[in-house]
Amino acid sequence: MTQTNGETKLQKFHSVMQKVLKYGIVLALIAFIVLVLMNKDQFSEKVAKGTPEHKLTKIEVTDGDKVVQKFKAVSHTMERLDIMIDRNEQTGRAGSIDLNVKDSKGKSIFHITPTLLEVDGLTDMKATMRRTLRNENKWYKVVVNQKLNKGETYTIEITGKGIKAERPLYLYTSSNMGKIYQSAKLNGVTQKNFHVRTRVWTTQIDVSAVVLTVAITLALIILILTPLKIPEKWNKRFTWALFIVNPWVAFYMVEKVFYNPISVMNKLAFGMNILWYYILFFILLLIFNRVKWALLVGDVFLYAAAIGNYFVLAFRGTPITPADIYALGTAMDVADHYVLSYDKPAIVATVVLLGLCVFACKLDTYKIFHWKKRLVALLITAIVTVGSSFFLTRVDFLSKKGVAVNFWQQKRGYLKNGYILSFLMNIQYTIVSQPDGYSPEAVDKIADKYQVTQGTNKKLKQKPNVVVIMNETFSDLNVVNKIKTNKEVMPFINSLSENTIKGHMLVSVFGGGTSNSEYEFLTGNSVSSLPLNGNAYTQFVKHKVPSLASQLKQQGYDTLAFHPYKAHGWNRDTVYPLIGFDNFLDETSMNPNGEKFRGWYSDAEDYNKIIDIFNKKKAGQPLFLFNVTIQNHGGYLIADKNFKEEIKIKDEKATDTANRCNVWRSSAKT
């Protein structure tokens with residue numbers, strides 16, 4: 001009787017959980033429809049307006065020649081303009097063109113005067129070890145990024161300037177360019193069945209894809225709400241069929257988020273990925289002893305891992321590695337300062353997840369293993385897991401088969417090997433091993449070769465205060481690539497010459513991980529000796545480490561670290577005392593009503609705090625102050641009406657880059 005009551009209670013519990021699960025998935029499906037409609041711009045695709053015939057004809061353009069081509073705007077933007085030209089020139093030719101785009105009232109909306117060297121692609125040639133490469137594409141491409149009035153007629157004017165008759169510019173033409181193009185004019189004369197081969201690029205929302213996505217989601221809602229009574233025999237068959245198929249679909253789902261076509265993946269990498277997916281689902285099956293819950297938990301877990309990787313890629317350009325787990329807390333702290341949005345692959349992956357959840361939800365649950373069979377299954381799973389883990393350490397063999405960690409470009413390695421496999425392969429590199437020949441005695445022997453030196457300024461009566469400011473993300477992009485802006489980004493910094501030492505600084509950090517730059521500067525140790533993507537503060541500084549702070553402390557200095565954000569970020573509140581700082585001031589020391597940009601304390605507010613610290617410090621007592629600013633931290637797409645945006649990028653559509661330049665300009669003026 002007691003057993004029957006127990007079984008009845010268990011059945012009631014499963015019934016309640018089934019209803020909670022069903023309606024939870026329905027709510028998720030409805031929320032997904034809202035997400036799709038809110039992010040319908042992510043279904044946008046670049047479209048070129050202008051479809052020429054296949055037959056190629058061309059005309060000569062020399063000094064004074066003017067070609068006019070009109071077209072009707074069928075969208076609200078003109079992102080790029082392509083003009084087909086003859087680039088069969090191996091050496092430069094004289095002259096330039098005047099390229100002007102005008103609206104229906106004759107007002108210029110875009111105007112440039114490129115030389116023929118630029119038009120022919122001779123200014124952006126790339127040198128290689130054997131030869132020089134230049135752009136052989138016949139399309140001369142110009143970034144325009146101008147708004148258009150849909151339905152209005154616009155004019156493209158191309159005028160030759162200083163082009164010699166013996167070496168003219170050839171423009172390709174077509175007798176038919178579609179309905180939006182009018183016949184072109186050459187030197188004021190309309191040419192019958194004559195059009196300049198141009199392409200006007202714009203971005204349009206793929207409405208059919210939006211409708212299809214919403215329709216599939218509605219179909220899933222109907223399916224999950226429709227009662228289905230599946231016979232027990234067929235329920236078991238469908239259950240195992242779904243368990244066998246699910247890992248393959250989950251693999252596709254994860255790689256879809258990562259823009260990775262699994263059809264071209266290395267065969268061995270493909271097989272290893274599938275094996276690990278099966279291992280994961282078997283482990284979950286052993287835990288829950290029910291296929292439904294194993295599939296639901298596994299699919300949601302894998303989807304969450306893929307979406308997490310998707311956002312990390314969007315923020316810093318590199319995928320998640322095992323070392324990032326130690327920095328999870330810091331990542332969560334700054335996440336609210338970023339704009340999160342789903343792109344088309346992520347939306348497709350979400351559809352796949354919801355579909356898998358709906359199919360799993362329709363199945364009845366039942367115990368898979370009794371305890372003896374469960375032990376056998378556990379033993380087999382353990383053997384396969386250990387064997388697969390050992391196989392991952394056979395680095396040389398795997399490398400010969402084309403499966404290896406790409407230390408230089410993790411993103412490329414993840415694309416080649418798959419997300420889950422790449423993550424697992426990286427685990428072995430998070431372990432720091434002692435270098436060959438290392439011992440304290442060996443270090444002392446090396447140190448004995450060097451003499452301790454002292455300063456030569458014997459007249460110095462008082463030790464100077466030392467202030468180090470590490471300005472978050474502050475950099476000059478023109479060092480890497482010249483960017484055309486409407487005004488100079490950092491004129492004050494560039495004007496400094498007296499009592500100023502300037503130079504370039506190379507850091508080991510790309511796209512996140514500020515504290516590693518701190519660690520290298522303060523300790524003199526390179527993070528190159530740490531595991532890939534490792535973080536010194538969160539993983540390895542667990543005891544006292546000699547640093548600039550501890551050295552100055554021995555010289556009688558007070559030592560103070562200051563960062564106007566959360567104390568626990570990158571474990572600073574734990575690490576700073578270990579590397580010699582007496583005190584640490586975080587955001588709680590700031591004026592809560594102080595100036596902020598995009599939610600971060602401004603550099604001006606930061607520096608006012610430093611001034612306040614020195615005004616209050618004990619006279620005659622030298623101070624070493626190490627400050628890490630926060631104003632320029634990422635999250636550049638967040639609008640701030642209180643922040644004056646002075647910088648605009650002239651040669652490309654780069655909102656993120658422009659916003660970076662604006663915050664850097666603010667820092668440079670502070």
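The values are calculated or read from the model by the stated rules, or taken from the named source; none is laboratory data. All values reported here derive from a predicted model rather than from experimental measurement. Because the Cβ atoms are built from the backbone with ideal geometry, glycine has one as well, and the counts that use them run over all protein chains shown. Side chains included, ligands, DNA and RNA excluded: accessible areas come from the protein's heavy atoms. Shrake-Rupley method; radii C 1.70, N 1.55, O 1.52, S 1.80 Å.
Only residues that are assigned to a helix (DSSP H, G or I) and either among the small types (Gly, Ala, Ser) or closer than 22 Å to residue 406 by Cα (or both) were counted across segment 419-455, and they come to 14. Hey, does segment 497-509 have a residue that's touching a residue at least 24 places away in the same chain (Cβ under 8 Å) and among the hydrophobic types (A, V, I, L, M, F, W, C)? No: segment 497-509 contains no residue that is touching a residue at least 24 places away in the same chain (Cβ under 8 Å) and among the hydrophobic types (A, V, I, L, M, F, W, C).
Are any of the residues in segment 273-296 within 12 Å of residue 417 (Cα to Cα) and within 24 Å of the chain's Cα centre (by Cα)?
Kept after step one, since they are within 12 Å of residue 417 (Cα to Cα), are these residues of segment 273-296: 273-274.
Now drop any that are not within 24 Å of the chain's Cα centre (by Cα), which leaves 273.
Yes: segment 273-296 contains one or more residues that are within 12 Å of residue 417 (Cα to Cα) and within 24 Å of the chain's Cα centre (by Cα).
Restricting segment 22-55 to residues that are under 28 Å from the mean Cα position of the chain (by Cα) and polar (S, T, N, Q), the residue that is most open to solvent (accessible area, probe 1.4 Å) is 42.
Kindly indicate whether residue 205 is modelled with pLDDT under 90, open to solvent by less than 30 Å² (accessible area, probe 1.4 Å) and closer than 30 Å to residue 32 by Cβ. Break it down into steps so the answer makes sense when it comes.
On the way: modelled with pLDDT under 90: yes; open to solvent by less than 30 Å² (accessible area, probe 1.4 Å): no; closer than 30 Å to residue 32 by Cβ: yes.
Here the answer is no, as residue 205 does not meet what is asked.
Among the helices (runs of 4 or more DSSP H) confined wholly to segment 313-418, which include 1 or more residues that are modelled with pLDDT of 80 or more?
In segment 313-418, the matching helices (runs of 4 or more DSSP H) lie at 344-361, 371-392, 395-400, 410-417.
State yes or no: is residue 472 charged (D, E, K, R), at pLDDT 80 or above, more than 23 Å from the chain's Cα centre (by Cα) and open to solvent by less than 70 Å² (accessible area, probe 1.4 Å)?
Numbers: charged (D, E, K, R): yes; at pLDDT 80 or above: yes; more than 23 Å from the chain's Cα centre (by Cα): no; open to solvent by less than 70 Å² (accessible area, probe 1.4 Å): yes.
It is false that residue 472 is charged (D, E, K, R), at pLDDT 80 or above, more than 23 Å from the chain's Cα centre (by Cα) and open to solvent by less than 70 Å² (accessible area, probe 1.4 Å).
In this structure, does residue 236 turn out to be outside any strand (DSSP E or B), surrounded by 15 or more Cβ atoms within 10 Å (Cβ to Cβ), basic (Lys, Arg) and at pLDDT below 90? Considered against the rule, which asks whether it is outside any strand (DSSP E or B), surrounded by 15 or more Cβ atoms within 10 Å (Cβ to Cβ), basic (Lys, Arg) and at pLDDT below 90, residue 236 comes out as yes.
Within segment 399-438, the set of residues being within 20 Å of the chain's Cα centre (by Cα) and surrounded by fewer than 17 Cβ atoms within 10 Å (Cβ to Cβ) comprises 406, 407, 408, 409, 411, 412. Selection of strands (runs of 3 or more DSSP E) fully inside segment 542-645 by the criterion of at least 1 residues being open to solvent by 40 Å² or more (accessible area, probe 1.4 Å) returns 558-562, 583-585. Could you go through segment 552-563 and let me know if any residue there is closer than 18 Å to residue 432 by Cβ and of a type in the set (Val, Ile, Thr). No, segment 552-563 contains no residue that is closer than 18 Å to residue 432 by Cβ and of a type in the set (Val, Ile, Thr).
For residues that are out of contact with any Ser or Thr (no Cβ under 6 Å at 6 or more places or on another chain) and open to solvent by less than 60 Å² (accessible area, probe 1.4 Å), scanning just segment 526-540, find the one that is modelled with the lowest pLDDT.
Going through segment 526-540, the residues out of contact with any Ser or Thr (no Cβ under 6 Å at 6 or more places or on another chain) turn out to be 526, 528-530, 532, 534-536, 538-540.
Cutting the leftovers down to open to solvent by less than 60 Å² (accessible area, probe 1.4 Å) gives us 526, 530, 532, 534-536, 538-539.
Details: 526: 82, 530: 73, 532: 63, 534: 67, 535: 73, 536: 79, 538: 72, 539: 71.
Across segment 526-540, the extreme among qualifying residues is 532.
Scoring residue 309 on the criteria (1) open to solvent by 10 Å² or more (accessible area, probe 1.4 Å); (2) modelled with pLDDT under 90 leaves a single failure, condition (1).
Filter segment 66-84 down to residues that are open to solvent by 30 Å² or more (accessible area, probe 1.4 Å) and assigned to a loop (DSSP other than H, G, I, E, B) and give me whichever is farthest from residue 108 (Cα to Cα). Ranking the qualifying residues of segment 66-84, first place goes to 74. Checked against (1) within 30 Å of residue 293 (Cα to Cα); (2) over 35 Å from the mean Cα position of the chain (by Cα), residue 61 passes all but condition (1).
Among the residues of segment 17-61, those that are polar (S, T, N, Q) and not in a helix (DSSP H, G or I) comprise 39, 44, 51, 57.
Given the criterion over 14 Å from residue 200 (Cβ atoms), surrounded by fewer than 16 Cβ atoms within 10 Å (Cβ to Cβ) and at pLDDT 90 or above, identify the matching residue among 164, 185, 126. Talk me through it step by step, then tell me what you get.
Working: 185 fails: surrounded by fewer than 16 Cβ atoms within 10 Å (Cβ to Cβ); 126 fails: at pLDDT 90 or above.
Exactly one residue qualifies, and that residue is 164.
Using the structure shown, decide if residue 388 is open to solvent by less than 50 Å² (accessible area, probe 1.4 Å), closer than 20 Å to residue 317 by Cα and not acidic (Asp, Glu). Answer is no for this residue.
For every residue, the table says whether it meets (1) part of a helix (DSSP H, G or I); (2) within 30 Å of residue 67 (Cα to Cα); (3) not small (Gly, Ala, Ser).
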{"position": "193", "(1), (2), (3)": "no, yes, yes"}
{"position": "202", "(1), (2), (3)": "no, yes, yes"}
{"position": "209", "(1), (2), (3)": "yes, no, no"}
{"position": "212", "(1), (2), (3)": "yes, no, yes"}
{"position": "216", "(1), (2), (3)": "yes, no, yes"}
{"position": "220", "(1), (2), (3)": "yes, no, yes"}
{"position": "230", "(1), (2), (3)": "no, no, yes"}
{"position": "241", "(1), (2), (3)": "yes, no, no"}
{"position": "246", "(1), (2), (3)": "yes, no, yes"}
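Against the list (1) part of a helix (DSSP H, G or I); (2) open to solvent by 40 Å² or more (accessible area, probe 1.4 Å), the condition residue 259 fails is (1).
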